[in-house]
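In what follows, a single structure is set out as C-alpha cells and then discussed.
All of the numbers you see were taken from the coordinates with simple rules; none came from a lab. Keep in mind the model is a prediction, meaning the values are calculated, not measured. Counting neighbours? That spans all protein chains shown, and the Cβs are built from the backbone with ideal geometry, glycine included.
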Amino acid sequence: MGEAWVASVAGSDPGMRGGLQTDAWVAKALDCNFSPIVAVETLQDEAGLQDVTLVPVSAVEAGLRSALNEGVGAVKLGALGSRDTVQAVVRVLSDFPATPVIWDPVCAASKTADPSALLLNQAGRDEALSSLLCHLTLATPNLVEFGDGSEWGDCAAVLVTGGHGKEAVVSDRLLRRGAPVLTLQAERTPGGEDVHGTGCALSTAISCFIAQGYSLESAVREAVAKVREWLRTGFFLTR
C-alpha cells in the first residue's frame, strides 16, 4: 500500500464527535487513510455520556482482521467495551505481531450523565491489563488511568499524559524500557481540559505518524505538538 493507513477500534460518538469521529478527523488532517471499526456505540450530549451499546464481538474481530489483512500501517485502540471484545482484539493482534498498536485506555467518559455507562467495564479493563499490554507498541493513559504505574509493567512504552493535572505547565512523559524518560512540557491552554476528544486525537495522531514511518519517539513528539497546536488554534471546535 503506497499511502499511510490507520485502523481504529473504538467507540462511535456521533453526537459529540469524539471517539471514531475524532479519529477520522485527525487521520484526514494528517493525510492518512482511515478504517473505523466500531466496538461500542455511545449516546452522548452536553450532559455527558448517557448510554453505551456493545457491538457484537464477531463484527469487531472480523473488521480488525480484515484491516490487518489489507496491510494497515498501525492500529489505534480506544473504547473496547467488554472483556469479550478485548479477548477478540488480542486474538487478532496475535496473528499480526509486526503491526504497531497504540491503545488509549479509556474506561469512563470524562463527563458522564450515568455512572453505570462505561466505555470499558471492569472485567474488560482487567483483561486488557493482563493480556493486551504485551501486544502494544504504546499505551497513552492519562494521570488517573496510569495511577501509580504498577499495572503497566507489561507494556513496552507508556505515554502518561498530563492534561488532567492542575499545574500551569502540562507535562507528558514517555516511559520506555531501557531508555530515559522523555518529558514534553508546554504551558496549559486555558479551557483545554474541557475540550472533548483530545485523548482520542493524541493516540490517533501518534498512530498516523507511526504509519507514515516515524520512530516512536518522533511520532510522540510530533503528535503532542500537533494536539497542543490544535488546542491553541481552536481546531477542535470546528471539526
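Stokes-Einstein diffusion for the chain, with the hydrodynamic radius set to the Kirkwood value over Cα pairs and evaluated at 25 °C in a medium of 0.890 mPa s, equals 140 µm²/s. A Cβ-based charge dipole, computed about the Cα centre of the range 5-237 with Lys and Arg at +1 and Asp and Glu at -1, lands at about 520 debye.
Basic side chains Lys and Arg get +1 at the Cβ, acidic Asp and Glu get -1 at the Cβ, and with that the dipole of the range 69-203 about its Cα centre reaches some 200 debye.
For the range 101-239, compute the orientation-averaged projected area of the C-alpha convex hull (one quarter of its surface), in nm². Approximately 8.9 nm², given one-decimal rounding. Taking a straight line from the alpha carbon of residue 166, not one of the lysines sits under 17 Å away once near neighbours fewer than eight places off in the same chain are left out.
Of 76, 28, the sequence from fewest to most neighbouring Cβ atoms within 10 angstrom is 28, 76.
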